[in-house]
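So the structure is just underneath, and the comments pick up after that.
Each value in this text was obtained by applying a stated rule to the coordinates, not by laboratory testing. On a predicted model such as this, the values are computed, not experimentally measured, just so you know. Glycine also receives a Cβ, built like all others from the backbone with ideal geometry; neighbour counts cover every protein chain displayed.
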Amino acid sequence: MEEVPLEAQRSQAPGPEAGAGAGAETRITVDSPDAMRELGRRLAGLLRPGDLVLLTGELGAGKTTLTRGLGEGLGVRGAVTSPTFVIARVHPPLGGGPPLVHVDAYRLGGGLDEMEDLDLDVSLPESVVVVEWGDGKVEELSDDRLHVVIARAVGHEEVLDDVRQVSVRGVGARWAGGAGLDALAGALTE
């Protein structure tokens, strides 16, 4: 496998949910779609059944590319593509790992009530649930979750077109102390 350069740094600065048990935050510079997929594969190594991951970023930021890498890292069946028109896709595991439930909440205007028909609360305990555009809509599903924010790097567009700044912030007891995110940052700087 080709080595994909990623830069990472860890921050203990509390996010806006510091009072809600926010863990550490890791910030990563990703310089290509391949590097974004690699970040997803590495992040998958930290996830277990019951984990909720919220992805935030503008259209084309790389949310689905990151999720594709998560699917590869989790070893799930089926091509991970944007579920924009079907809202949610379940990717069963090829081995003994958890299924990946990939949700695109872009077209859903309401909060958890509008998403009730998706039965995410039923899927969550045995699956890894990834929700694109989920901020403000599904936080009530779990006290423990990862917030991943993907932003385009600011600068000369011709040089930084594929460069993204990725912030991974843990919320809740599962991510308190940042132990899992420390491992992620360590893996990215090797």
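For the reader, a short list of remarks on this structure follows.
- Potential extension, Glu140-Asp162 segment - 0.36 nm per residue separation minus Cα distance: 4.6 nm
- Per-peptide packing, taken as the mean over residues of other Cβ atoms within 10 Å, places 72-82, 51-61, 166-176 in the sequence 166-176, 51-61, 72-82 from highest down.
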